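Below: one structure, written as structure tokens.
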Amino acid sequence: MATDRAGEPLVPPDRPAAMDNDDEAGAQAAAEYFIELYGYATRSQDLEEFTELCDTASTFCSAVISEVTGDVAAGAVTVGGQTALTTTAVDPPGDDPFYVVWGTQDRAPFTAFSADGSVIYESAGDQGLDVAVVIEHQPDNTWIVREGLAGVVPSS
């Protein structure tokens with residue numbers, strides 16, 4: 001189990017039961033879970049559950065995986081940075097087979113430390129960052145994140 005710098009266990013978020021649904025509620029639950037996993041992965045360096053939700057072609061997922069893998073190789077750790085998505089709208093599949101979950105992401109303040117304990121980066125976090133999670137329900141009753149996009153809002 002992953003631990004923080006103080007040795008406290010870092011526990012992944014619980015998978016919401018609504019993710020069993022192949023509908024807007026399921027898409028919303030899966031997108032919110034994905035954003036929570038993003039914060040957990042950067043803090044814990046545990047990519048297992050995050051990667052299971054990711055499309056290998058997703059540039060967002062690839063960037064997160066690369067960042068965490070680089071941190072592990074360098075011995076760097078991140079403290080803080082929990083993430084949450086507040087959903088504002090869910091677009092159902094149309095011509096494409098995926099949902100688009102729109103919302104705002106909040107990320108708690110965080111600090112990145114090098115292997116020697118020196119501060120690499122400090123952030124006050126983000127509040128209300130507009131995001132979209134493009135997500136598709138699979139025939140095996142799982143969800144796959146096709147892309148995560150920051151700084152976008154639904155067209156009116």
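The values are calculated or read from the model by the stated rules, or taken from the named source; none is laboratory data. Every value quoted in this text rests on a predicted model; they were computed, and no experiment measured them. Glycine gets a Cβ as well: all are built from the backbone with ideal geometry, and neighbour counts include every protein chain shown.
Quick notes
- Taken over the range 23-46, residues that are more than 9 Å from the chain's Cα centre (by Cα), at pLDDT 95 or above and among the charged types (D, E, K, R) amount to 2.
- Scanning the range 131-156 for residues that are more than 14 Å from the chain's Cα centre (by Cα) and at negative phi yields GLU136, HIS137, GLN138, PRO139, ASP140, THR142, VAL152, VAL153, PRO154, SER155, SER156.
- Test: residue in the range 57-76 that is outside any helix (DSSP H, G or I) and within 27 Å of SER118 (Cα to Cα): yes
- Looking only at residues of the range 53-95 that are surrounded by 15 or more Cβ atoms within 10 Å (Cβ to Cβ) and polar (S, T, N, Q), we find that the one that is farthest from ALA27 (Cα to Cα) is THR78.
- Inter-residue pairs, beta-carbon under 7 Å, first at pLDDT 95 or above and in the range 115-139, second of a type in the set (Asp, Glu) and in a strand (DSSP E or B), 6+ apart: VAL134/GLU147
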